[in-house]
Amino acid sequence: MRFFLALLLPVSTFSFALGLTQPLMLFERLYFLEDRPTLIEMISSLWLEGDSALAGVVALFSVAFPALKIVLIHVAVLTGGKTRSLALLSMVSKWLMLDVMLVALVLFAAKTSGLAAAAILPGLWFYAAATLTTAVAASLCARS
């Protein structure tokens with residue numbers, strides 16, 4: 001089990017970093033205009049356009065909570081689960097599927113609005129891989 005944790009933790013950390021910085025989706029408008037936003041660019045765009053509450057919610061549930069979960073798993077593995085990190089990990093884990101739902105809603109809104117055609121890019125796959133590997137690592141960490 002320690003071997004799988006040793007594999008999953010670097011993969012989840014690396015995938016999470018790529019999921020934040022790589023383009024998530026391709027939006028094509030009017031056949032010649034296209035956008036390839038990253039999650040960080042989406043959050044900063046919301047902030048700059050005056051939607052600070054929405055930017056805060058997306059940043060909290062899509063960046064801060066998943067990053068905190070990864071850090072807590074690392075701490076739990078390094079300390080052998082002897083700290084409060086497992087209790088905090090359990091509490092943070094309850095809020096983490098919201099990040100996947102937020103990204104899915106953005107993609108759905110773009111596809112159904114008729115204003116843009118949307119396609120999934122590698123950033124979304126890395127983000128999904130980070131979500132899955134972090135969830136598996138958390139369950140393995142809780143068992144040991």
Residues (in contact with a Pro (Cβ under 8 Å, 6 or more places away or on another chain) and either free of Cβ contacts under 8 Å to residues at least 12 places away in the same chain or among the hydroxyl-bearing types (Ser, Thr, Tyr) (or both)) located in the stretch 35-49
38, 45
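Could you grab me the full set of residues in the stretch 109-130 that are in a helix (DSSP H, G or I) and modelled with pLDDT under 85? Working first, answer last.
Looking only at the stretch 109-130, we keep the residues that are in a helix (DSSP H, G or I), and these are 109-113, 122-130.
The answer is 109, 110, 111, 112, 113.
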So which residues in the stretch 76-90 are assigned to a helix (DSSP H, G or I), surrounded by fewer than 16 Cβ atoms within 10 Å (Cβ to Cβ) and at pLDDT 75 or above?
78, 79
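So, in the stretch 35-57, of the ones that are hydroxyl-bearing (Ser, Thr, Tyr) and assigned to a helix (DSSP H, G or I), which residue ends up nearest to the chain's Cα centre (by Cα)? Walk me through it before giving the result.
Just the residues of the stretch 35-57 that are hydroxyl-bearing (Ser, Thr, Tyr), to begin with: 38, 44-45, 52.
Those still in the list that are assigned to a helix (DSSP H, G or I) too: 44-45, 52.
On the way: 44: 16, 45: 17, 52: 19 Å.
Selected residue: 44.
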Residue count for the stretch 1-34, restricted to those that are in contact with a Leu (Cβ under 9 Å, 6 or more places away or on another chain), touching a residue at least 60 places away in the same chain (Cβ under 8 Å) and outside any helix (DSSP H, G or I)
8
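Residues checked against (1) touching a strand residue (DSSP E or B) at 6+ places or on another chain (Cβ under 8 Å); (2) among the charged types (D, E, K, R); (3) buried (at least 16 other Cβ atoms within 10 Å of the Cβ):
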{"position": "3", "(1), (2), (3)": "no, no, no"}
{"position": "12", "(1), (2), (3)": "no, no, yes"}
{"position": "21", "(1), (2), (3)": "no, no, no"}
{"position": "33", "(1), (2), (3)": "no, no, no"}
{"position": "41", "(1), (2), (3)": "no, yes, no"}
{"position": "44", "(1), (2), (3)": "no, no, no"}
{"position": "49", "(1), (2), (3)": "no, yes, no"}
{"position": "55", "(1), (2), (3)": "no, no, yes"}
{"position": "59", "(1), (2), (3)": "no, no, yes"}
If you take the residues of the stretch 118-141 that are among the hydroxyl-bearing types (Ser, Thr, Tyr) and farther than 18 Å from residue 61 by Cβ, which of them is surrounded by the fewest Cβ atoms within 10 Å (Cβ to Cβ)?
139
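The values are calculated or read from the model by the stated rules, or taken from the named source; none is laboratory data. Because the structure is a prediction, the values reported are computed rather than measured. Backbone-built Cβ (ideal geometry, glycine too); neighbour counts: all protein chains shown.
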